[in-house]
Amino acid sequence: MWAVIKVDKALMFYNFQTEQYEAVSDLKFVHANELESTNGISMAFGGFTKVVLDHDASVSKLLRANIPLFLTKVGAREAAKTANLTGYTYINFDVNKIQL
């Protein structure tokens with residue numbers, strides 16, 4: 001599953017219903033060297049590293065906050081283009097670890 005995000009001073013998720021970026025609960029980003037363990041999972045994009053440590057908890061919090069999730073990156077990209085977003089990127093959640 002994919003979410004549309006923006007990282008400035010905080011990790012923000014785009015809510016297509018409110019048409020705004022929103023911080024969600026205690027979902028945050030940190031620099032990789034601030035983590036004790038990343039379990040060897042790391043992807044570098046746009047100058048920072050995206051590592052999701054708890055897929056289940058993250059998706060649950062996003063769904064409770066009414067943040068849309070997309071099955072594919074293409075779906076997320078099309079929604080972002082339709083909303084005329086700029087300065088965004090994406091984050092992926094491993095659906096094999098999520099129980100919806």
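The values are calculated or read from the model by the stated rules, or taken from the named source; none is laboratory data. Bear in mind that the values here come from a model prediction, so they are computed numbers and not experimental data. For neighbour counting, all protein chains shown are included, and Cβ atoms are generated from backbone atoms with ideal geometry for every residue, glycine included.
Just the residues that are assigned to a strand (DSSP E or B) and loosely packed, with under 13 Cβ neighbours inside 10 Å, please, taken from region 1-21.
Going through region 1-21, the residues assigned to a strand (DSSP E or B) turn out to be 2-7, 11-15, 20-21.
Listed by number, the list holds a single entry, GLN20.
Could you list, in sequence order, all residues of region 70-88 that are within 17 Å of VAL7 (Cα to Cα) and either in a helix (DSSP H, G or I) or of a type in the set (A, V, I, L, M) (or both)?
Listed by number, the residues that qualify are ALA76, ARG77, ALA80, LEU85.
When the residues of region 48-100 are filtered to those that are of a type in the set (D, E, K, R) and over 18 Å from GLN20 (Cβ atoms), which remaining residue is modelled with the lowest pLDDT? Spell out the reasoning first.
Let us first name the residues in region 48-100 that are of a type in the set (D, E, K, R), namely 50, 54, 56, 61, 64, 73, 77-78, 81, 94, 97.
Filter once more, so that each one left must be over 18 Å from GLN20 (Cβ atoms): 50, 54, 56, 73, 77-78, 94, 97.
Working: LYS50: 60, ASP54: 76, ASP56: 78, LYS73: 94, ARG77: 96, GLU78: 97, ASP94: 81, LYS97: 51.
Checking each candidate, the answer is LYS97.
Just to be sure I understand the filter: pairs with C-beta atoms under 7 Å, separated by 6 or more residues or on different chains, first member in region 43-70 and among the polar types (S, T, N, Q), second member surrounded by fewer than 16 Cβ atoms within 10 Å (Cβ to Cβ) and at pLDDT 85 or above. Which pairs pass?
Pairs that qualify, where the first residue is among the polar types (S, T, N, Q) and the partner is surrounded by fewer than 16 Cβ atoms within 10 Å (Cβ to Cβ) and at pLDDT 85 or above, are ASN66/GLN17.
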